[in-house]
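Student: This is the structure, below, for whatever I ask next.
The values are calculated or read from the model by the stated rules, or taken from the named source; none is laboratory data. Keep in mind that this is a model prediction, so the values were computed, not measured. Cβ coordinates were reconstructed from backbone atoms using ideal geometry, including for glycine residues, and neighbour counts include every protein chain displayed.
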Amino acid sequence: VAMAHLAWRLAQRWCPSSLQVISFPVVQLHLNRTAMRASQKDFENAMNQVKLLKKDPGNEVKLKLYSLYKQATEGPCNVPKPGVFDLINKAKWDAWNALGSLPKETARQNYVDLVSSLSSSLESSSQVEPGTDRKSTGYETLMVTSEDGITKIMLNRPTKKNALNVEMYHEIMHALKAASKDDSAITVLTGNGDYYSSGNDLTNFTDIPPGGVEEKAKNGAILLREFVGCFIDFPKPLIAVVNGPAVGISVTLLGLFDAVYASDRATFHTPFSHLGQSPEGCSSYTFPKIMSPAKATEMLVFGKKLTAGEACAQGLVTEVFPDRTFQKEVWTRLKAFAKLPPNAMRISKEIIRNREKEKLHAVNAEECSVLQGRWLSDECMNAVVNFLSRKSKL
Ligand SMILES: CCCC/C=C/CC(=O)SCCNC(=O)CCNC(=O)[C@H](O)C(C)(C)COP(=O)(O)OP(=O)(O)OC[C@H]1O[C@@H](n2cnc3c(N)ncnc32)[C@H](O)[C@@H]1OP(=O)(O)O
């Protein structure tokens, strides 16, 4: 009820017309002109594009635009948190604050990317020519764009640190299936905001079906198996652009990527024992192979959090970049990769991965079955309850 009320209040305040709503940060842009540096022109173009949007992008997107704008121009949230009853300003504050210490440059880039995806998605689909560069949305929890031979799947719940809710699992599977068939050469997974992903959304455990917790655990295991299976079978080069901290399943899956580029702000944390859970994403097989059994045990059993540099030294991360230049350097490199002959890349990936596939599917099935049992354990239930009742964080 509170959320519906908030959405209604936001709509009332911000939506007399989409231009009026979204032009709010444009005005401030001019006041903050001096804060702009290298990509000021792109940023200003993006602000202008926003004014030309024909359809209202919705409150969630407007909050994102607002927070990225504030972060890009003023840096991390620097104003006191509004009171609980000041719903609109609290929503805006929450969105801005959720960006944490995201650098101004990255916020500007994310703003430009977001506007770019909106400009395309909110126009008539008849303007999209088959075979040309395109951007697609229709996703609630992702931003998916396809250009320069790269399909980019961006996890897009920054206010929840890109935690994977059930909808996001389904949308990622859908986006991967679409990417496997589109005309892009490579596919990239990344996160919007200051986190890459905080892993499984722990509120996934709260929606109990009529069959009770057993049915919930069984459904979770089926979903997880299908989800991880999509990564095992993905046919094109799959690259993770780890823009910030990664937790849980967002870390374990990295063992199934073809390359992992990380900002030096990223950390890698798999606190399964703390959560009464056990490894997934085929990490019980890939991690010992990648980094040695003992190092894998430190991560997967003892929950040791690695810095980006440590993860790179262990072979989980391919290369680490300074956060300041991360986006620019990585995307320049990816654009060059995407120009390589796509069939050759696909075939080379196949020959590297194929002999492992059967094993990976078997490991996935076993991990899901073990996890199904863990989700019913007191250890796991207590950990989830503690998080949800704000008694614990990682
Ligand atoms: C069906 C398939 C299942 C596959 C299983 C996979 C296993 C895993 O992935 S295990 C890993 C699970 N993840 C966690 O345990 C992380 C829990 N989150 C945290 O400890 C903290 O939120 C954080 C350390 C990630 C960030 O702390 P910080 O203080 O910077 O920010 P917060 O105020 O806590 O977060 C903002 C906002 O986001 C919500 N949130 C963040 N992560 C999650 C999450 N994993 N699940 C649910 N909600 C999450 C957090 O509650 C805040 O929400 P509110 O603003 O509404 O309070």
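Student: Starting from the stretch 166-179, take each residue that is farther than 15 Å from Ser197 by Cβ and assigned by the TED database to the domain that holds Cys230 and list its partners that are surrounded by 21 or more Cβ atoms within 10 Å (Cβ to Cβ) and among the hydroxyl-bearing types (Ser, Thr, Tyr), counting only C-beta distances under 6 angstrom and pairs at least six apart or across chains.
Tutor: Within 6 Å, the pairs are Ala179/Thr151; Ala179/Thr187.
Student: Just checking, which of Ser184, Ser180 is away from the ligand (no atom under 11 Å from the Cβ), touching a Lys or Arg at 6+ places or on another chain (Cβ under 9 Å) and assigned to a loop (DSSP other than H, G, I, E, B)?
Tutor: The conditions single out Ser184.
Student: Test Asp207 against the criterion of being at pLDDT below 95 and within 14 Å of the ligand (Cβ to nearest atom), and give yes or no.
Tutor: Yes; evaluated as a whole, the condition is true for this residue.
Student: Can you find a residue that is crowded, with 19+ Cβ neighbours inside 10 Å, under 24 Å from Val317 (Cβ atoms) and either touching a residue at least 40 places away in the same chain (Cβ under 8 Å) or touching an Asp or Glu at 6+ places or on another chain (Cβ under 6 Å) (or both) anywhere in the stretch 211-224?
Tutor: yes
Student: Sort out which residues of the stretch 364-394 are farther than 13 Å from Thr206 by Cα, part of a helix (DSSP H, G or I) and in contact with a helix residue (DSSP H, G or I) (Cβ under 7 Å, 6 or more places away or on another chain), and write them in order of number.
Tutor: Scanning the stretch 364-394 gives Asn364, Ala365, Glu367, Cys368, Ser369, Leu371, Gln372, Arg374.
Student: Further question on the same structure: If you check Pro279, Pro235, Pro271, which single one turns out to be out of contact with any His (no Cβ under 9 Å at 6 or more places or on another chain) and either part of a helix (DSSP H, G or I) or more than 10 Å from the ligand (Cβ to nearest atom) (or both)?
Tutor: Pro235
Student: Moving on. Checking Asp183 against (1) farther than 20 Å from Leu376 by Cβ; (2) buried (at least 23 other Cβ atoms within 10 Å of the Cβ), which test does it fail?
Tutor: Result: Asp183 passes all but (2).
Student: Another question, then. Under the condition of being within 12 Å of the ligand (Cβ to nearest atom) and in a loop (DSSP other than H, G, I, E, B), which residue from the stretch 85-101 is surrounded by the most Cβ atoms within 10 Å (Cβ to Cβ)?
Tutor: Leu99
Student: Among the residues of the stretch 282-298, how many are in a loop (DSSP other than H, G, I, E, B) and of a type in the set (A, V, I, L, M, F, W, C)?
Tutor: Start the filter on the stretch 282-298 by keeping residues that are in a loop (DSSP other than H, G, I, E, B), which leaves 282, 292.
Filter once more, keeping what is of a type in the set (A, V, I, L, M, F, W, C): 282.
Total meeting the criteria: 1.
Student: Cβ contacts < 9 Å: first residue on the phi > 0 side of the Ramachandran plot, restricted to the stretch 139-154; second residue outside any strand (DSSP E or B) and acidic (Asp, Glu), any location; separation 6+ or different chain. Result?
Tutor: Asp148/Asp133; Gly149/Asp133; Gly149/Asp183
Student: Only one of (1) more than 30 Å from Ala338 (Cα to Cα); (2) crowded, with 23+ Cβ neighbours inside 10 Å is not met by Leu202, so which one is it?
Tutor: (2)
Student: Restricting to the stretch 339-351, count the residues that are assigned to a helix (DSSP H, G or I) and surrounded by 10 or more Cβ atoms within 10 Å (Cβ to Cβ).
Tutor: If we filter the stretch 339-351 for residues that are assigned to a helix (DSSP H, G or I), which is where we start, we get 342-351.
Still in the running and surrounded by 10 or more Cβ atoms within 10 Å (Cβ to Cβ): 342, 344-350.
Looking only at that region, the number is 8.
Student: Quick one: what pairs do we get from the stretch 374-393, first residue closer than 17 Å to Gly248 by Cα, second among the polar types (S, T, N, Q) and more than 8 Å from the ligand (Cβ to nearest atom), C-beta under 9 Å, 6+ apart or different chains?
Tutor: These pairs meet every condition: Arg374/Ser278; Glu379/Ser273; Val384/Thr206; Leu388/Thr206; Ser392/Asn386.
Student: Acidic (Asp, Glu), away from the ligand (no atom under 11 Å from the Cβ) and in a helix (DSSP H, G or I): which single residue out of Glu214, Glu226 fits that description?
Tutor: Only one candidate qualifies: Glu214.
Student: So is Leu360 assigned by the TED database to the domain that holds Ile232, within 24 Å of the chain's Cα centre (by Cα), near the ligand (Cβ under 10 Å from one of its atoms) and assigned to a helix (DSSP H, G or I) or not?
Tutor: So Leu360 does not fit the description; no.
Student: Go through the stretch 163-177 and count every residue that is within 12 Å of the ligand (Cβ to nearest atom) and of a type in the set (Gly, Ala, Ser).
Tutor: 1
Student: Right, something else. Condition first: farther than 20 Å from Glu367 by Cβ and either in a loop (DSSP other than H, G, I, E, B) or in contact with a Lys or Arg (Cβ under 8 Å, 6 or more places away or on another chain) (or both). Now tell me which residues in the stretch 257-268 satisfy that.
Tutor: Those that are farther than 20 Å from Glu367 by Cβ and either in a loop (DSSP other than H, G, I, E, B) or in contact with a Lys or Arg (Cβ under 8 Å, 6 or more places away or on another chain) (or both): Asp258, Tyr261, Asp264, Arg265, Ala266, Thr267.
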